[in-house]
Structures are given as C-alpha cells and as structure tokens.
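Enquirer: Sharing a structure here in structure tokens format.
The values are calculated or read from the model by the stated rules, or taken from the named source; none is laboratory data. Note that the structure is predicted; figures quoted are calculated from it, not measured. All Cβ positions, even for glycine, are placed from backbone atoms using ideal geometry, and neighbour counts span all protein chains on display. Please note that ligands, DNA and RNA were not included when accessible areas were found on the heavy atoms of the full protein model with its side chains. Shrake-Rupley method; radii C 1.70, N 1.55, O 1.52, S 1.80 Å.
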Amino acid sequence: MPIRTTEVHLDPGALADQMADDVRAGLTATPRTIPPKYFYDARGSLLFDEITRLPEYYPTRTERAILEDHAKDVALATEARSLVELGSGTSEKTRLLLDALRDAGTLETFVPLDVDPAILADAAAAVAQEYPGVTVAPVVADFERHLTLLPRHPRRLLAFLGSTIGNLDPDQRADFLAQVRATLVEGDAFLLGTDLVKAEERLVAAYDDAAGVTAQFDLNVLRVLQRELGAELDPDAFEHRAVWVAEHERIEMRLESVRDQTVRIGSLDLDVDLVAGEQVRTEISTKFRREGVERELAAAGLRLTHWWTDAAGDFALSLSVP
Ligand code: AVJ
C-alpha cells in the first residue's frame, strides 16, 4: 500500500523558532522550566527507550500487559476502521492494537502522528510491511496544536498511550481534551493511557532509578540547549532531582544548580542567573485516579465507557466516546 505522509505546518524552521520561544519563556518563568518535548533528541530517545526497560519504571510494561489482555475488547467495543496514534507508533503496544483491529476484520488505515518525520517514516514503513492490506498515512504534527487538522476517516480510534498526557498541567489537559472532542465524530473513540497514584517511594524510584539512566535522560536536555541554542553551561554543574508533589499528585523532574552560576543562551542573547540549590523544572508526570480521569473527560464532552487496569491497579487504559 502507498504511504502518504501529510506535513502539517511543521517545517524545521518553525520547530527551531518554537524551541527558542519555549526556552526563553521557560527559563524566565518562576519556577524556571524547560519543556519536556526537548528531551527527545537522538540520545534522549535512546535513553528513554532504556528507561522503559528499567526495573523501577513499571508504566510501559504495565500498559503493554493491559493491552495484551484487553486490545480485543477495544476492537470489539469500537469496531474501529482507522487507528490514529499520537506518538510515533513504533511500539509493541501499537502492534497489539493493530493486530486486534485486524483480527476483528475492521482495520483499514493506520495514522501515526509525531513531530519527528524520520521516526514516523520508520514506523510507517514497518507497519506497511507488516500489515499489507492497511493504508498507512503518517502525519507530521504536534498533538497539542494540530489535532483538528487530522485527515478524516470513518470510525477512528484515537490512541494516546504511555500516560504522556501526564506531562500536561490541568489547563493544558483541558485544552488538549477539548481538541480531542472537537476532532471526534459519532462512531469514533478515544483510548487513553494514564499512570495511577501509588506509594510515593515507588513513584520517585521510577523517575530516579538506581542505575542513573533517568538522571542522564534529564541532564541530556542541557546538551540539547548547548547544541540547538548555543547555551554556554557545564552539565556537571547540575544534578537530577525527582520529587513527588502531593499537592498536585505529580512527579516533578528538576535540574538543580549545584552552585551560583550564570548560564548564557547564545542564540537568545539571554543570561540566566542561577543560585546554588535553585531547581529548573524539566517535566511534570501527573498521576491519576479514575474519578479524576472521568471528570476531565466529561468536562471535554467525552463519556468514559471502559476502564481497564492491571491487577495491582498501577496503570489504567480508558476508552471514551464523544
Ligand atoms: C513518556 C512522558 C510518559 O512521564 O513517565 C520517563 C517520560 N520521564 N521517565 C513519563 C519519562 C522520565 C514519560 N512519558
């Protein structure tokens, strides 16, 4: 089947401008922040892949196990003819959904959506090869900004897995879910992965593993700033922190300045004065409860119809409809 890639307003120049704007806004805010989307350069993506296999980092294997048990239920409940996956679509989890939809006899189209054209191309080629009867239509886009521009297909299942929605704060989640609702029509469905609230020590360990892989993943964003924005800094002058913020029921990853220092971001002509102990927030990973997910979906006009968890109740997949 031919692979038709749709470019959606994401030329490399726009991405570079976006990073400059995001980093200037983040590093001059209180608390200072760097958006987590900039973690995923080539090295960051490899480190995240390694994180998903760490003993402390349970979300990936747990979500996959739930899909092994329930992908068939998803296929029967939705009878989806098109799988739209937000995120590169290179994972085993994607194949569990594609297999279930193919076995149910409804699968016609796969639409992986991601900002990275190269990763998309690999995913599209692999899926086109493994599912010969399926049309693969990759979309280069930012799921936070371009959802409503998705190509129309009958009976779409929009999948947003991994609990990546947890990276968004409540306002950003409300905006995102409103876009999801605006995109879906009668007959479509939304499959959402959400990591659940659990004991603090398990959550902190998942984001500060003994081998230090997550620390390297977090610190790597400083190399992205050096390379992409001409930042003059010493990565060794920062230390990784993972903190459970009970008030917001989220893990926060932060890079702590070990001394008073000035970081100069050359491309932005911006000097950032940091004092010893000051922490730059690099990611929030929100943890959810069923009633909260149901409430946020309903506020966006989505009705939760199915809630599947693993036996320990560590992670949940929810299916909702417009
Ligand atoms: C890919 C965003 C779901 O928040 O758990 C893993 C990224 N950060 N370890 C998460 C991440 C630190 C992950 N998401």
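Enquirer: What FRET efficiency do you get for residue 273 and residue 211 if R0 is 45 Å and r is their Cβ-Cβ distance, rounded to the nearest 0.05?
Expert: Details: r = 33 Å, r/R0 = 0.74.
So, using R0 = 45 Å, E works out to roughly 0.85.
Enquirer: Could you give the semi-axes, largest first, of the ellipsoid that matches the chain, computed as the square roots of 5 times the alpha carbon gyration tensor eigenvalues and rounded to whole Å? Don't skip to the answer; put the middle values down first.
Expert: Values: eigenvalues 228, 102, 63 Å².
Value: 34, 23, 18 Å, ordered largest first.
Enquirer: Full extension from residue 148 to residue 126: what is 0.36 nm times the residue separation minus their Cα-Cα distance, to one decimal in nm? List each step's numbers first, then the result.
Expert: Values: separation 22, 0.36 × 22 = 7.92 nm, distance 2.61 nm.
That pair, residue 148 and residue 126, stretches by 5.3 nm at full extension.
Enquirer: If you add up the charges near residue 38, with Lys and Arg at +1 and Asp and Glu at -1, over every other residue whose beta carbon is less than 9 angstrom from its beta carbon, what do you get?
Expert: Numbers: positive: 37; negative: 22, 41, 228.
Overall, the nearby charge balance is -2.
Enquirer: On to the next question. Per 5 Å bin, what is the whole-percent P(r) computed from every C-alpha pair distance within the stretch 121-223?
Expert: P(r) over the stretch 121-223, rounded to whole percents: 2, 9, 13, 17, 17, 15, 12, 10, 4, 0.
Enquirer: At a 1.4 Å probe radius, which order do 115, 275 fall into by accessible area, largest first?
Expert: Details: 115 60, 275 85 Å².
Order by accessible area, largest first: 275, 115.
Enquirer: Rounded to whole Hz and in sequence order, give me ³J(HN,Hα) for the stretch 239-248 from the Karplus expression 6.51 cos²θ - 1.76 cosθ + 1.60, θ = phi - 60°, writing x for Gly and Pro.
Expert: 10, 6, 10, 10, 10, 8, 9, 4, 4, 10
Enquirer: Then there is this: Per the Kirkwood definition applied to all pairs of different Cα atoms, how many angstroms is the hydrodynamic radius of the stretch 108-160?
Expert: Working: mean 1/r = 0.0859 Å⁻¹.
Radius from the Kirkwood sum: 11.6 Å.
Enquirer: Let me ask another. Grab the other residues whose beta carbon is less than 9 angstrom from that of residue 286, score K and R as +1, D and E as -1, and report the net.
Expert: Residues close to residue 286 contribute a combined charge of 0.
Enquirer: Another question, then. At a Förster radius of 51 Å, what calculated FRET efficiency corresponds to the Cβ-Cβ distance of residue 232 and residue 175, to the nearest 0.05? Walk me through the numbers on the way to the answer.
Expert: On the way: r = 35 Å, r/R0 = 0.68.
The computed FRET efficiency comes out at 0.90.
Enquirer: Multiplying the sequence separation of residue 202 and residue 4 by 0.36 nm and subtracting their Cα-Cα distance, what value in nm do you get? Walk me through the intermediate numbers first.
Expert: On the way: separation 198, 0.36 × 198 = 71.28 nm, distance 4.29 nm.
Length gained, residue 202 through residue 4: 67.0 nm.
Enquirer: For the stretch 66-201, how big is Rg over Rh, using alpha carbon atoms and the Kirkwood form of Rh? Let's see the in-between values first.
Expert: On the way: Rg = 14.5 Å, Rh = 15.2 Å.
Radius of gyration over Kirkwood radius for the stretch 66-201 works out to 0.96.
Enquirer: Now a separate question. What area, in nm² and to one decimal, does the C-alpha convex hull of the stretch 26-146 cast on average over all directions? Could the numbers behind the result be given before it?
Expert: On the way: hull surface 36.8 nm².
If you wrap the Cα atoms of the stretch 26-146 in a convex hull and average its projections, you get 9.2 nm².
Enquirer: Using the 2.2 N^0.38 Å rule of thumb for compact globular proteins, work out how the stretch 24-68 stacks up: its C-alpha Rg over that value, please. Walk me through the numbers before you get to the answer.
Expert: Working: Rg = 14.8 Å, N = 45, 2.2 N^0.38 = 9.3 Å.
The reported ratio for this selection is 1.58.
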